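The values are calculated or read from the model by the stated rules, or taken from the named source; none is laboratory data. As the structure is a computational prediction, the values presented were derived from the model and not from experiment. Cβ atoms come from the backbone with ideal geometry, glycine included; neighbour counts cover every protein chain shown. Ligands, DNA and RNA are excluded from the accessible area calculation, which covers all protein heavy atoms including side chains. Shrake-Rupley method; radii C 1.70, N 1.55, O 1.52, S 1.80 Å.
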Amino acid sequence: MLATTTTLRSAASVGLRLSVRNASTTANTTSPSSATATSAISTPTRPHLDWDSFLRLRKVRRRYNLVSSIFSSLLGTSAGVGYLANKEIDPTQMIMGMDPLIMFGLATISCGAAGWLAGPVLGSSAFGIMNKKNLGAIEEREKEFLQHIKKNRVDPSFQSFSNPVPDYYGEKIGSLKQYRQWLRDQRAYNQKSKSFL
């Protein structure tokens, strides 16, 4: 029973257990005064992040980006409306060959679009501030995850209306279950593209 519970532990706890055991065996071979000096000098290790936690944090980061995009878009639109509402309009004067009301409408939409594009920058910054302690581990896992995506994604040159590319960048993956579904979708796409050739 003890062996089965040991094998079911996550990789993070196993790594932690090994580092603790290594530290204890090192401490046993040295004198007590040097052991305390060694433990005081040792550098802190990066926290290990398992795949489930990483994918959950990735989903949270995506939500941060979406909420900040909505907020900054509304802010940009209201700033554009506030500025343009105070401008005097001469309906007889054309602006760049267009009616002034149409130009002001396009300028307002442009302010909202600029706010929408600035949103992910603000969202990523807020996410980084909220998860400072895991940021290094998240970046490390992100690199590994992108390598998995590059290795397993499909060739988009075979796409058609009846066989669209399924989530090419893996943006919607938020759990291991969704990752497995993504892999199945990639395989199904490949099978369809081979059968149509």
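Assorted remarks:
- Positions within segment 144-187 being modelled with pLDDT under 90 and touching a Gly at 6+ places or on another chain (Cβ under 8 Å), in sequence order: Arg153
- So Ser193, is it touching a Phe, Trp or Tyr at 6+ places or on another chain (Cβ under 9 Å) and either part of a helix (DSSP H, G or I) or in the same structural domain as Leu57 (by the TED database) (or both): yes
- For segment 87-123, taking the residues that are hydroxyl-bearing (Ser, Thr, Tyr) and loosely packed, with under 15 Cβ neighbours inside 10 Å, the one that is farthest from Ser73 (Cα to Cα) is identified as Thr92.
- Checked against (1) exposed (fewer than 12 other Cβ atoms within 10 Å of the Cβ); (2) farther than 19 Å from Lys59 by Cα, Val165 passes all but a single condition, namely (1).
- Checking the stated criteria, Ser175 turns out to be outside the structural domain of Ser53 (by the TED database), in contact (Cβ under 8 Å) with a residue 40 or more places away in the chain, loosely packed, with under 15 Cβ neighbours inside 10 Å and of a type in the set (Ser, Thr, Tyr).
- Pairs linking a residue in segment 146-157 that is farther than 17 Å from Leu176 by Cβ and aliphatic (A, V, I, L, M) to a residue that is in a helix (DSSP H, G or I) and open to solvent by less than 50 Å² (accessible area, probe 1.4 Å), with Cβ atoms under 7 Å and 6 or more positions apart or on different chains, are Val154/Gln186; Val154/Tyr189.
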